[in-house]
Amino acid sequence: MDKLLLKSGPRLTGEIAISGAKNAALPILCAALLSPEPLRLTNVPRLNDIATMQRLLRDMGVAIAADGADVTLDGNDLSNPVASYERVKTMRAAILVLGPLLARCGEARVSLPGGCAIGARPVDQHIKGLQAMGAEITVEQGYIHAKASRLKGARICTDMVTVTGTENLMMAACLADGETIIENAAREPEVVDLANCLVSMGARISGAGTDVIRIHGVARLHGATHSVMPDRIETGTYLCAAAITGGDVRLRKTSAAYLDAVIDKLMDAGCDITIERDAIRLKAPPRLKAVSLRTAPYPAFPTDMQAQFMAINCVAEGVATIRETIFENRFMHVNELMRLGANIQIEGSNAIVRGVERLEGATVMATDLRASASLIIAGLVAEGETLIDRIYHLDRGYERIEEKLAQLGAEVRRVS
Ligand code: UD1
């Protein structure tokens, strides 16, 4: 199993390009299930989760041709509306095939998902929404069986804001009979990117990016070309990595437009940030100031950046309180950061981080995708060597992470 070895020292400087967004690409790949014509995508990140999703779609009969970041999917021969446990167990986002499969094939059999162990993460809202659209759904032996000769438009209000739930229902509604209204919809930029792709395939969607999305069902969707948006979480992760080292970096092929909450906190921490049309430059002070935060659905501070900010607070000046409101078990990085010498106290869904002067390298274990990123960030300044075990989590969500870090001057090496 691969590990990552980091040596502390260098300030991160220089430029890198940000990849396409994993969390936009995953639902957009599933949009190919909705049409018999080819969907051509550009800026698709090369990640394990993307490869898993492509394997899953191939199992169902989707023909896929990939050339680097360009991927063409052809759903003409879609024949097997089944997502097996073997495919789904490592990636919760596989649930995103449920809505489009049901809408296009009239049935679907999808294993209940696995993925990051960051909480219970049920899919009841996906099921409730599809039932409101007339689907008959049973859950047996770990599989969701859904049937509907044609889905019907419905008014759906989800109990909580759910990103993939909103995406699944929006995709299903594209081919439903009549109008669907999703209330309490997720406003995440990735939902908007998916909606833009669906609209270019002929869907009739309005309100994406607000908490009420309206979809007028159409009889069929056609082929289209779409470029996946930049990854705002990858962008935020490299900004934190540069910030903790007192660095000066420029991130290209990205946009500050979706990162207000993150950029505000980095500025509160003392960083100087310059925003260009498709780039962000960050210059950090020698020592950051502690910044408190509370995670919440977009446009508030993203839960996917919580662990990275925990890491920068570990060595910042002062005390920060970090409140996690989305997932109930998303502090697994805390014990690992404490192995590096961090001073963190957990009280329910709050973590109180008291900044220390220095961290010390140790062997630590990656527990989930963003937790792994927080260990890298801490490892960049932990004196001596930090060895991060179980980095397969990182390969699920960060494209060529050690290469990009090395390009910015980090001393990092993958070891088997
Ligand atoms: C997506 C992102 C993930 C991010 C998360 C929150 C993708 C592929 N993944 O995950 O990176 O951390 O949004 O921004 O886009 N919930 C239920 N029932 C449901 C659905 C959700 O109780 O049917 C709960 C979850 O347990 C969680 C909260 O709602 O507590 C939000 O989850 P959700 O937005 O659905 O997360 P994902 O879409 O899985």
Highest-MSF residue in the chain out of 111, 35, 79 [GNM, Cα springs under 10 Å]: 79
Those aspartates and glutamates that a straight Cα-Cα span of less than 16 Å connects to residue 147, excepting residues fewer than 8 apart in one chain: 107, 136, 177
Relative contact order (%) - region 296-416, alpha-carbon pairs under 8 angstrom, separation at least six: 23 percent
Most mobile of 248, 193, 260 in a GNM of the chain (Cα contacts under 10 Å): 260
Highest-fluctuation residue, 386, 162, 325 considered, GNM on the chain with Cα pairs under 10 Å: 325
Residues of the chain: accessible area per residue with a 1.4 Å probe, Å²: 37 Å²
Cα-based Kirkwood hydrodynamic radius, region 275-345, one decimal, Å: 13.5 Å
Relative contact order %, the chain, counting alpha carbon pairs below 8 Å whose residues are six or more apart: 21 percent
Packing-based ranking, highest mean first, of 149-156, 94-101 given that Cβ atoms within 10 Å are counted: 94-101, 149-156
Whether region 82-236 is rounded, prolate or oblate, judged on the alpha carbon gyration tensor where a/c under 1.5 counts as rounded: rounded
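Enter the per residue convex hull volume of region 162-297, computed from alpha-carbon coordinates, in Å³ rounded to the nearest integer.
99 Å³
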Rounded tilt (10° steps) of 22-31 against the dominant C-alpha axis of the chain: 10 degrees
Relative contact order %, region 97-190, counting alpha carbon pairs below 8 Å whose residues are six or more apart: 32 percent
Given 3/404; 265/289; 283/404, the pairs whose alpha carbons are separated by over 22 Å: none
For region 19-131, alpha-carbon Rg relative to the globular expectation (2.2 N^0.38 Å, N residues): 1.01
Ratio Rg/Rh [Cα only; Rh per Kirkwood] for the chain: 0.98
Portion, in percent, of the accessible area of the chain that falls on carbon or sulfur, probe 1.4 Å: 46 percent
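The values are calculated or read from the model by the stated rules, or taken from the named source; none is laboratory data. Given the structure is predicted, the values throughout are model-derived calculations rather than measurements. Cβ atoms come from the backbone with ideal geometry, glycine included; neighbour counts cover every protein chain shown. Surface areas here come from the heavy atoms of the whole protein model, side chains and all, with no ligands, DNA or RNA. Shrake-Rupley method; radii C 1.70, N 1.55, O 1.52, S 1.80 Å.
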